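What follows is a single structure, written as structure tokens, with notes after it.
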Amino acid sequence: MIRCLAFLLLTLAQLPAFAAGESIRVYNWNDYIAPEVLENFQKQTGIKVDYHTFSTAEELEAVMASGEPVDVAVAPHNSLPQLIASGKLQPLDFNQLANRKHLDKDLLKKLAAVDPDNRHAIPYLWGAVGLAINAPKAEAAYGGALPHSWSLLFDPAQSARLASCGISSLDAPAEVLSVLFNYQGRSLASASPARIKRTGDLLVQVRPNLRYVDSERYIDDLNNGKLCMAVAWVGDALGAARNGQPVTFMIPDEGSVLFIDNLVIPNNAPHTELAYRFINYLMSPEVAAQITSETLYPSGNADAKQFLDPSLSNEPALYPDAELKRRLHVLETLPAKQAEVREATWQRFREGR
Ligand code: N2P
């Protein structure tokens, strides 16, 4: 009888701590996790993940504003000040995040500028914006070697030469406007609303040279050779190369922006305790490495590196060297008035009119 009871207790101890049927609702960017990570979490814990994706920061903002109950979301760093100020995020209980010790300290320091003391956000994946270039197609259309410059996009005469082989832009107003200001030798952070509007006019001027403005559609099109140049997030560009396309990820000489995407627990999360378990799972170095290997975005987890294939831990786009780091700046957060002008300008660009 005693032996039997001991066996039963042992068996119970090995079962997931949560009864089947519990679930959490998660919102993440498209193509931003390894599917087996979700499957393994569900298998190991019995917690079902009701997984949703979005492809623009604006979509996530709409979800957060709608009051829909969400347990875990992946929010860009430049959305954090507004989310925190409006009370949309829970301050984190670090005691429930044992794997927090693996996080990249430099990244935490950068994040503290938008989330004081790192109270609300856990860096998940990050990276640069650049140009994904299918060189054989682009050089043929351009008529020779390509300059290492954002002029390929922002100079209307240059982008017109590439229009026939297909250009696309991310639907990412903060990133693209910041890169354009930087290309012009100016800073978006200190720009007046009038200046933002004028700079937006330049974007509208090159719009006819672009096929579309979309942050998801370009992934397939790069993979199928249907575009020769795309404003891209690093992992999406490296993904096309992994799929055998002659696509390279170029960070032009003028430099570019960095984004940091973060795991957060919204204030209205119905299952906070399960949310912590999910976040802590994603923060284990092996799991973080699995995610980087699949998505090709650099990890917020410093200890993930040792679990990566050397082809990835030696990839400069994932682990930039000092020279590249100097040319990358963290995407700035704009005051509300400037952000409004940026959005209005962007509508015109996105729709192409
Ligand atoms: C991957 C999404 C990248 C997120 N498709 C950039 N913030």
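The values are calculated or read from the model by the stated rules, or taken from the named source; none is laboratory data. Computed from a predicted model, the values in this text were never measured in an experiment. Counting neighbours? That spans all protein chains shown, and the Cβs are built from the backbone with ideal geometry, glycine included. Keep in mind that these areas ignore ligands, DNA and RNA; they rest on the heavy atoms of the full protein, side chains included. Shrake-Rupley method; radii C 1.70, N 1.55, O 1.52, S 1.80 Å.
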Using helices alone, I'd like the mean residue ellipticity at 222 nm for the chain: each DSSP H run of four-plus residues gives -39500 (n - 2.57), total over residue count, nearest 500. -12500 deg cm²/dmol
All lysines inside 27 Å of Lys137 as judged from Cα atoms, apart from same-chain residues fewer than 8 positions distant: Lys226
Counting DSSP beta bridges in the chain, what percent are antiparallel, to the nearest 5? 60
Helix 285-295: angle to the longest alpha-carbon principal axis of the chain, degrees 0 to 90, nearest 10? 40
Taking Cα centroids, how far is segment 27-62 from segment 263-341 in Å? 14
Taking Rh as the Kirkwood radius computed over C-alpha pairs, what is the Stokes-Einstein D of the chain at 4 °C in a medium of viscosity 1.567 mPa s, expressed in µm² per second? 60
Highest average packing first - 127-135, 76-84, 27-35, Cβ atoms within 10 Å: 127-135, 76-84, 27-35
Where the accessible area of the chain is counted over protein heavy atoms with a 1.4 Å probe, how much of it, in %, is carbon and sulfur? 53
Rounded if a/c is under 1.5, else prolate if a/b beats b/c, else oblate: with a ≥ b ≥ c from the C-alpha gyration tensor eigenvalues square-rooted, which is segment 83-217? prolate
Taking Cα atoms, how many degrees apart are the long axis of helix 2-14 and the longest axis of the chain, rounded to 10 and kept between 0 and 90? 10
Between 0 and 90°, nearest 10: helix 35-45 axis offset from the chain longest Cα axis: 20
Once the mean 1/r over all distinct Cα pairs of segment 29-120 is inverted, what Kirkwood radius in angstroms do you read off? 15.1
Here FRET efficiency (C-beta to C-beta, Ser86 to Glu36, R₀ 35 Å, nearest 0.05) is 0.50
Enumerate the lysines that Lys325 could reach by cross-link, defined here as Cα to Cα under 25 Å, with residues fewer than 8 away along the same chain left out. Lys101, Lys105, Lys109, Lys110, Lys305
